[in-house]
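Working notes, structure below.
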Amino acid sequence: GLMAGLMVATSVIGLASTALAAETVEKDGFTYELIAESGGAKYYKIIEYTGSDAEVVIPDTINAATEAVVDIGPDVFEGHDEITKLPIGKYMTRGNEFVFDDLVNVEEYEVAAGNTKYSADDGVLYREDMLLAYPKAKSGDYTIKAGTTSIGNRAFFDTNIDTLTIPESVNINNELNGSGDKFIYSFLGAKVGMYNYG
């Protein structure tokens, strides 16, 4: 069926990308760019948000069930301090750590059921075994999910946490990145009252 088709295509999307004329679609404040087509399904990346809603939903699909939203650009939410809630759609599998940097008033992240890459734990956003983004407006204590192996480049940027408990499985990385041009600072600008490690 369609769901199986979308799943299969989502896993090979890196391979399915072809040189397409930049076809864009605008809907509900988002501008989407077509990044791949496979077996009748189309895959889109969010490249801009021009809305002004406090709750913004990253949808599963655009206009048809065959138009999956799978990726999002890094600066889409720059200047959108009004956003307090950002549920993430079922087919979103890509997008880097910097997508969530600008969301200063988000209290919790939610992920649609059936998403194979993203998940939320107590409002904190994960992609597979990486803690991707801690909500900047969330307060209190937090224990990083067991089995987490890494933390996104700016996952805790400008956050405020009383006690943060980090499992032994997490590799804290303050190395230079692959291209050697910047340090990976997971905790840059974070205000943490106390760390518990292991």
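The values are calculated or read from the model by the stated rules, or taken from the named source; none is laboratory data. Here the structure is a predicted model, which is why all the values come from computation and not from measurement. In this analysis, Cβ positions are derived from the backbone assuming ideal geometry, glycine residues included, and neighbour counts consider all displayed protein chains. These accessible areas exclude ligands, DNA and RNA; they are computed on the full protein's heavy atoms, side chains included. Shrake-Rupley method; radii C 1.70, N 1.55, O 1.52, S 1.80 Å.
Give the carbon-plus-sulfur fraction of the accessible surface of region 17-71 in %, rounded to a whole number; probe 1.4 Å, heavy atoms of protein chains only.
Carbon and sulfur together cover 43 percent of it.
Treat every Asp and Glu Cβ in region 115-156 as -1 and every Lys and Arg Cβ as +1, leave all other atoms uncharged, and give the resulting dipole magnitude about the Cα centre to the nearest 20 debye.
Dipole magnitude for region 115-156 comes out near 200 debye.
Taking only protein heavy atoms into account and a 1.4 Å probe, give the accessible area per residue of region 13-130 in Å².
The answer is 45 Å² per residue.
Please say if region 34-112 is rounded, prolate or oblate, where rounded means a/c under 1.5 for a ≥ b ≥ c the square roots of the C-alpha gyration tensor eigenvalues, and otherwise the choice is prolate for a/b larger than b/c and oblate otherwise?
Prolate.
Taking a ≥ b ≥ c as the square roots of the eigenvalues of the Cα gyration tensor of region 97-157, is the shape rounded (a/c under 1.5), prolate (a/b larger than b/c) or oblate?
rounded
At 1.4 Å probe size, with the rest of the protein present, what percent of the exposed accessible area of region 76-149 is carbon and sulfur atoms?
Heavy-atom surface of region 76-149 belonging to carbon and sulfur, 1.4 Å probe: 41 percent.
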